[in-house]
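A short worksheet on the structure shown next.
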């Protein structure tokens, strides 16, 4: 399975600059005036996942929500501090206090939130698994069908 998250914006160049030059995602491609849309593809290093940012068409940008987060596990404090310095803005208080204890939260030019976490996802998963109570697993047949 592969993952590409696509998001529309009315500030394409500013948002691309935030994620590419500030956060450190790698620009891997894009398109201009494809059926009235422009877009840029950014790779999330080390994951195989992509962030696609688009502009144009007949729809406006979505409204940000304080609980809609892009959480990036950067591995260590030094990397988080380096990214924070590149962004050149102060972190903001997260809506969920969990993230205040575990990372730094920033807003992109559209107001969407990005959390920079100074650990790896694998380390977090091990800690979470060790502290979580065992839950019964569902069989595939237990999921409702439309």
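The values are calculated or read from the model by the stated rules, or taken from the named source; none is laboratory data. Small disclaimer: the values here were computed from a predicted structure and weren't measured. All Cβ positions, even for glycine, are placed from backbone atoms using ideal geometry, and neighbour counts span all protein chains on display.
Before moving on, here are some points about what is shown:
- Scanning the range 79-96 for residues that are assigned to a helix (DSSP H, G or I) and without any contact (Cβ under 8 Å) to a residue 24 or more places away in the chain gives 81, 82, 85.
- When the test is whether a residue is outside the structural domain of residue 9 (by TED's automatic domain parsing) and at negative phi, residue 50 does not pass it.
- Exactly one residue among 43, 100 is within 13 Å of the chain's Cα centre (by Cα) and free of Cβ contacts under 8 Å to residues at least 24 places away in the same chain, and that residue is 43.
- Of all residues in the range 1-36, those satisfying the criterion of being in a strand (DSSP E or B), in contact with a strand residue (DSSP E or B) (Cβ under 7 Å, 6 or more places away or on another chain) and exposed (fewer than 14 other Cβ atoms within 10 Å of the Cβ) are 4, 5, 6, 26, 27, 28, 29, 31, 32.
- Count of the range 46-56 residues, restricted to those that are in contact (Cβ under 8 Å) with a residue 24 or more places away in the chain and closer than 16 Å to residue 110 by Cβ, is 5.
- Boolean, residue 42 is in the same structural domain as residue 5 (by TED's automatic domain parsing), in a strand (DSSP E or B) and closer than 16 Å to residue 115 by Cβ: no
- Unique match (being modelled with pLDDT under 95 and in the same structural domain as residue 74 (by TED's automatic domain parsing)) among 113, 123: 123
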